[in-house]
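Read through the structure below, which is laid out as structure tokens, and then see the notes.
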Amino acid sequence: MSLRRELDRFKRVIQRREERQGNLLLATIVDASPHATYGYVVARLVDGTAINVRAWTPVALANGQQILVAPMGGQTWNWYALIQANASTDVEATPYTPPSLAPRALTQHSLGGSAHTGNLPWSRIDTSSSKVNLASQVVGVLPLANQAKQTVIDVVTIETGEIAAAQTKTGKIAGPRLALVRKVQIAGNEPCTLRFFEADRGDVEYATASVTPPFLDQGGWVHLADASMFYWEVTNDGVGPDTYTITLQVIGWEV
């Protein structure tokens, strides 16, 4: 090899080295698989040199795409930084095609880390595993429109079963602990006496005289039991056995 040819070759090597140190270069992606996990791709410069390209970007990168890169620092090594990506793999027919975005292409990192700012909307939170403790984590007054109904209008029906003449039967039935009983109805045939108690055989909170069904009382009375129960007592004042149906219409509060 002549000295001139050797000098020309050396000049070209120096020129390429200087270009890599200070200029933007074109490269073609040959392996985009590390991008999703490690944030870089493997590419090849026009002269055939294999390089690694840092690509911390949500742009979707694929093999065959043409990218614009710049050397990282003033060293002659194979690490470059991505400047721009061309989604076109046929630059002769289509010189430039904007690449699409792929937000999941970034390396995974903790949601609680310093890489995030702002507030995540509730619509993006999986509430199947993320729960809010209403007793300790929430303050203020919840709007009535978003509260569960605490006042209900309900019907409580008591079936006494057969009661012999001059006999008394007692029982209890579930209901609100606190309620306004606005209507009492008794269905049956024989005269009877009805009483309700605050507790099992406790103070009387409602009583009738001896009445003959059908009976209706719309006077209203307040029920406050030691438990969520109606404690009742029915006495058959007639001359034969009878079965009574007692219906209460109540406005109840959950307290």
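What FRET efficiency do you get for ASP31 and GLN137 if R0 is 51 Å and r is their Cβ-Cβ distance, rounded to the nearest 0.05? Before the final figure, lay out each step's value.
Details: r = 47 Å, r/R0 = 0.93.
Computed FRET efficiency for ASP31 and GLN137: 0.60.
Segment TRP79..THR170, full-extension length gain: 23.7 nm, with 0.36 nm per residue of separation and the alpha-carbon distance subtracted.
Counting 0.36 nm for each residue step from ILE153 to SER210 and taking away their Cα separation leaves a gain of 17.7 nm.
Ordered by the number of other Cβ atoms lying within 10 Å of each residue's own Cβ, fewest first, VAL41, VAL141, VAL222 fall into the sequence VAL141, VAL222, VAL41. Between GLN218 and ALA93, the modelled labels are 8.6 nm apart [label points 7 Å from Cα along Cα→Cβ]. Taking the fewest neighbouring Cβ atoms within 10 Å as the starting point, the ordered list for LEU68, LEU144, LEU61 is LEU144, LEU68, LEU61.
Residue order for ASP217, ASP126, fewest other beta carbons within 10 angstrom first, comes to ASP126, ASP217.
Expressed in nm to one decimal, what extension gain is obtained for the pair ILE251 and ASP47 from 0.36 nm per residue of sequence separation less their Cα-Cα distance? Display every interim value, and only then the final one.
Numbers: separation 204, 0.36 × 204 = 73.44 nm, distance 8.73 nm.
Value of the extension gain: 64.7 nm.
Suppose R0 equals 41 Å. What FRET efficiency, 1/(1 + (r/R0)^6) with r the Cβ-Cβ distance, do LEU101 and ARG5 give to the nearest 0.05? The computed FRET efficiency comes out at 0.25.
Between beta-carbons, use under 12 Å as the cut-off and find the net charge around GLN167, counting Lys and Arg +1, Asp and Glu -1. With Lys, Arg at +1 and Asp, Glu at -1, the net is -4.
Laboratory data are not the source of any read-out in this text; all were calculated from the coordinates shown. Values in this document were obtained by computation on a predicted structure and should not be read as measured data. For neighbour counting, all protein chains shown are included, and Cβ atoms are generated from backbone atoms with ideal geometry for every residue, glycine included.
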